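The values are calculated or read from the model by the stated rules, or taken from the named source; none is laboratory data. Note that the coordinates shown come from a computational prediction; the quantities given were computed from them, not determined experimentally. Don't worry about glycine lacking a Cβ; one is built from the backbone with ideal geometry, like all the others, and counts go over all protein chains shown. The area values use the complete protein model at the heavy-atom level, side chains included, leaving out ligands, DNA and RNA. Shrake-Rupley method; radii C 1.70, N 1.55, O 1.52, S 1.80 Å.
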Amino acid sequence: MKTVAVMGAAAFLDTYGVELAKAINEVKDYWHICWLNGAACTGCTISFAQSVNPGLLEIFTSILVGNSGLPIVLPDYMETLQPASGTLAEELINRWKKGSKGRRILIVEGAVPKKGFCQIHGKDFYEHLQDVAPYADHVIAFGACACFGGVPSAKPNPTGVRGVQEFFKEAGINKQVINIPCCPGNPDHLVITLSAVMLGEKIELDKYNRPKVFFGKLMHDDLCPYRPYYDRGIFAEKPGEEGCRYKIGCKGPMTHTDCALRKWNGHLSYCVEVGAPCIGCAEPGFPDNFEPFYKPVAELPAVLGFGPEKIGEGILAATAAGIAIHGIRHVMSKKSEDREKKR
Ligand code: SF4
Ligand code: SF4
Ligand code: SF4
C-alpha cells in the first residue's frame, strides 16, 4: 500500500497489478473522470485500452473504488469509448460538471489548436476545454500532444497547437497539469498516476510537470540495457544490428523516461529493444528538436533548446566526447585483440 502511495519502488513496478487493486480498494470516495480528445491521433486511447495487469476489462469492471461498487477508471465522459453521442453525450459532460467537488479528474488527450480548428459538436476544442477545466480538481495531460504539442505541433504547425498547460496559461486558467508524455502515453503511467491522485498522495513533479518517478532519470544513464555496449564502444550502424543505438540516432542520452524498464504492449518490448533508436517522445520539443531521428545527437545544433553556441558544454558535448572516447577505446581494444591473435 505504502509502496503504491509513494509511486516509485521497483517492487511495485513489477507487481503493480495486484498492489494497485488492493490500494484502490482503500480509496474512500468515487472519483469522476472526464476524458477530452483534442488534436490527437487517438493512439493514446488505444494505448490505454491495451493496459495489462490490470487489463482494461478489469480496470473498467472489477477493480472497485472503495465501497462505491464502481470501477477505477470508467470515465463519465469519453468521446472515443463511450456509447453515448449527441445530446446524451452533452448530458454526460454536464453531469460530470455537477459532480462531487474535490473528486473530479480531467484527462486530456491531444493538443489544443487555435480558434477555428478541431471542432466537436460545432464548438472549437479549446472552448470545450475552457468550459470544463474550471470544474476539474486535477488535470492530467496524457500523451506528448496534450503535454507539449507533440506531433501536431511539428513545424510549420498550421493549426497553432500547444500543450494543455501552455493553453491554460494563455487562457488565464490557474490550474496545474500533471504531464504524462510519450507518444503514445504509457497505460501504466496513467493508471498509477490516477491511483495516486485518488489515494490523495502528493505526486512529485519535475520542472515540466512530469511525475519524477517515471520521468526523473535519463534512460541512457540508469535504465538502458544497451548501456554496456555504449560503454564498450559497440554501436549498431543500422537498425537491427547488435550494439548501442546511438549511431542510428538514439536520443536516450537526453530523454528522461523509464521506457526501458516499463516497456510497452504488456511490458513486452520498447523502441530501442526492437532495434530502433529512442526519438525522444517523452521530452518537450518533440518532434522538431529531435530531428533528424536517425542521425546521432552530436550533429544536431538545437536539441533541447541548446543553440550552436552551447555545443561544447553540457550534455551534448559530454555525449559527443563520450562517443569519441568509446569509439577510440573500441578501435584500440580491437587492434589489441588482432595483435594478440597474430602472436
Ligand atoms: S501523443 Fe502520439 S499517440 Fe498520443 S494522440 Fe498524440 S500523436 Fe497520437
Ligand atoms: S544511446 Fe540509446 S541505446 Fe545506447 S545506451 Fe544510450 S539509451 Fe541505450
Ligand atoms: S523509448 Fe524514447 S521514443 Fe520510445 S517511447 Fe520511450 S521516450 Fe519515446
Worksheet item: Got a sec? What order do CYS145, CYS41 fall in by accessible area at 1.4 Å, biggest, i.e. largest, first?
Response: CYS41, CYS145
Worksheet item: Leaving out ligands, DNA and RNA but keeping every protein chain, what accessible area does ARG104 have, in Å² rounded to the nearest 10, with a 1.4 Å probe?
Response: 20
Worksheet, complete the sentence: On the accessible surface of region 73-137, probed at 1.4 Å with all protein chains in place, carbon and sulfur together account for a percent value of 52
Worksheet item: In terms of solvent-accessible area of protein heavy atoms at a 1.4 angstrom probe, what is the ranking of THR257, THR42, THR87, highest value first?
Response: THR87, THR42, THR257
Worksheet item: Solvent-accessible area per residue for region 140-220 at a 1.4 Å probe radius, Å²?
Response: 38
Item to complete: Sort ILE248, ILE46 from largest to smallest accessible area, using a 1.4 Å probe on the heavy atoms of the protein chains.
Response: ILE46, ILE248
Worksheet item: Please state the Cα pair-distance histogram of region 160-308 with 5 angstrom bins from zero: what percent is in each bin?
Response: 2, 9, 17, 20, 19, 15, 9, 6, 3, 1, 0
Practice prompt. Please list 273-281, 232-240 highest first by mean number of surrounding beta-carbon atoms within 10 Å per residue.
Written response: 273-281, 232-240
